[in-house]
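What follows draws every value from the coordinates through simple rules; no lab data is involved. Everything numeric here is computed off the predicted structure, so don't read it as measured data. Here the Cβ is made from the backbone with ideal geometry for all residues, glycine too, and neighbour counts use every protein chain on show.
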Amino acid sequence: MKDFSFHAGTLPFGYRYGFESALFNLREHLLLQAKQGWHSFYIVHQKDFSIEACIHFHIIDGVARSPLNSPFGAIECSANVPPIVLFQFVAYFESRLKELDVKRIIIKQAPVAYDQQKSSLVQTFLWNQNYRVTVAEVGAVIAVSDAAFDAKIHAWEKRKLRQAQALGIIFQHISADRLEEVYTFILKCRQEKGYSLSMSLSSLAETIQSFPDHFLLVGAFLQNEMVAASISIRVRKNVLYNFYSSHAVAYDSLSPVVSLVEGLYQYCQGKSIELLDLGTSAQNGQPNFGLLDFKLRLGAEPASKLTFEKELLS
């Protein structure tokens, strides 16, 4: 344990990451969320000159948020960090945030399925240090294997998939220069169902331009008509996150999203991606049971996604 120490501020010169940081925690992505106001904290291994854990907070009006504007932030770490060091790290960044006059800390974790072992430790250590869960969302993830997609799904969804195939619905990749078309289609479909999108087209376009290799645009088509579409993000080498997706209400009976998810699953198989994250199934902080049941019928497993908060005393 003596080889580990804590560091605040910019990334220590000459140090390398001992783990793969998620896209949302890369410095370049943080600066897309806000140009300033970031404060970073690290666990470093002094002998190996490596970064073994990190968390990034944006501070404004006495509130420290991890992340500011992305699906998750929170603590990321390698398998090398001893539990006691991870526990002490929470106390360390909290004390440093107090020195910056922070009154409240908000930490939004990645889905626990991304790293079951470390997520369980982080959650427990936050509870131990009096953080409370303020938002609990249930997500759904599909473990990608050599098995065919239709071998994983419920019989009803398999029937829908075969009906869609018989009618000629096909899965296609869509080039990034058609982003506006895909975004507009998904937004319209969401609005038909009474929902919207969290990002503007311009913000999403800027992010994709900055990280073109991390984004995937796909659609399900019937006679050249787009009937479902998805914008997915490769947040880590082993995780594809279905960020935005929807289908036209007129095609409810065909359930074209099943064809869409099959295409994403097969893409993951071809790219050695281990986890297909179908996103959360929540509305106004409560479970959307219809959506959750649908995702579970596609062979997904439930995965919790928690937001922790703590009020700091003066």
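Assigning unit charges at the beta carbon (Lys, Arg +1; Asp, Glu -1) and nothing else, what dipole magnitude in debye, to the nearest 20, does the stretch 145-273 show about its Cα centre? Numbers along the way, then the final one.
Values: 13 positive and 12 negative charges, 81 e Å.
Here the stretch 145-273 has a charge dipole of around 380 debye.
Once you have the Kirkwood Rh of the stretch 253-292 from its Cα pairs, apply Stokes-Einstein at 10 °C and 1.306 mPa s and quote D in µm²/s.
On the way: Rh = 11.9 Å.
My calculation gives 134 µm²/s for D.
In loop segments of the stretch 230-314 as defined by DSSP, the trypsin sites (Lys or Arg not before Pro) with at most 14 further C-beta atoms inside 10 Å of their C-beta are 237, 271.
Computed over the chain, the per-residue total of -39500 (n - 2.57) for DSSP H runs of n ≥ 4 gives a 222 nm mean residue ellipticity of -9500 deg cm²/dmol, rounded to 500. Checked against a 29 Å cut-off, the cross-linked pairs 103/188; 35/103; 2/237; 237/305 give Cα-Cα distances beyond that limit for 103/188; 2/237.
Using C-alpha pairs under 8 Å with a sequence gap of at least 6, the mean separation divided by the residue count of the stretch 145-273 gives a relative contact order of 30 percent. Once the mean of 1/r is taken over each pair of separate Cα atoms and inverted, the chain shows a Kirkwood hydrodynamic radius of 20.8 Å.
FRET efficiency for the pair residue 47 and residue 173, taken as 1/(1 + (r/R0)^6) with r the Cβ-Cβ distance and R0 = 45 Å, rounds to 0.50.
Computed packing ranks the peptides 43-56, 64-77 as 64-77, 43-56, most packed first, by mean other Cβ atoms within 10 Å. Highest mean packing comes first when the peptides 215-226, 124-135 are listed by Cβ atoms within 10 Å, giving 215-226, 124-135.
With a ≥ b ≥ c the root eigenvalues of the C-alpha gyration tensor of the stretch 117-199, is it rounded (a/c under 1.5), prolate (a/b larger than b/c) or oblate? If you can, show how the numbers build up before the last one.
Details: a/c = 2.45, a/b = 1.50, b/c = 1.63.
It comes out oblate by the Cα gyration axes.
Among 30, 179, the order by Cβ neighbours within 10 angstrom, fewest to most, reads 179, 30.
Suppose every K and R has +1 on its Cβ and every D and E has -1 on its Cβ; what is the size of the dipole of the stretch 100-179 about the Cα centre, in Debye to the nearest 20? Walk me through the numbers before you get to the answer.
Numbers: 11 positive and 7 negative charges, 49 e Å.
Here the size comes out at about 240 debye.
The stretch 175-192 and the stretch 244-292 have Cα centres spaced 16 Å apart.
Here the Karplus curve 6.51 cos²θ - 1.76 cosθ + 1.60, taken at θ = phi - 60°, turns the phi angles of the stretch 240-249 into couplings of 10, 10, 6, 5, 10, 7, 6, 9, 6, 4 Hz, with x standing for Gly and Pro.
In the chain, if the dipole is taken from +1 on Lys/Arg beta carbons and -1 on Asp/Glu beta carbons about the Cα centre, which of 129, 278, 151 is farthest to the positive end? Most positive-ward Cα: 129.
Report the gain in length on full extension from residue 201 to residue 104: 0.36 nm times residue separation, minus Cα-Cα distance, nm rounded to one decimal. Could the numbers behind the result be given before it?
On the way: separation 97, 0.36 × 97 = 34.92 nm, distance 3.11 nm.
Gain on stretching residue 201 to residue 104: 31.8 nm.
Dipole check for the chain: with +1 at the C-beta of Lys and Arg, -1 at the C-beta of Asp and Glu, and the Cα centre as origin, the magnitude is about 320 Debye. The calculated pair-distance distribution of the stretch 198-314 uses every alpha carbon pair, bins of 5 angstrom beginning at 0, and gives 2, 9, 17, 20, 20, 17, 8, 3, 2, 1, 1, 0, 0 percent.
Using only the Cα atoms of the stretch 145-273, build the gyration tensor, take square roots of its eigenvalues as a ≥ b ≥ c, and label the shape rounded, prolate or oblate: rounded if a/c is under 1.5, else prolate if a/b is larger than b/c, else oblate. Display every interim value, and only then the final one.
On the way: a/c = 1.94, a/b = 1.20, b/c = 1.61.
The shape class here is oblate.
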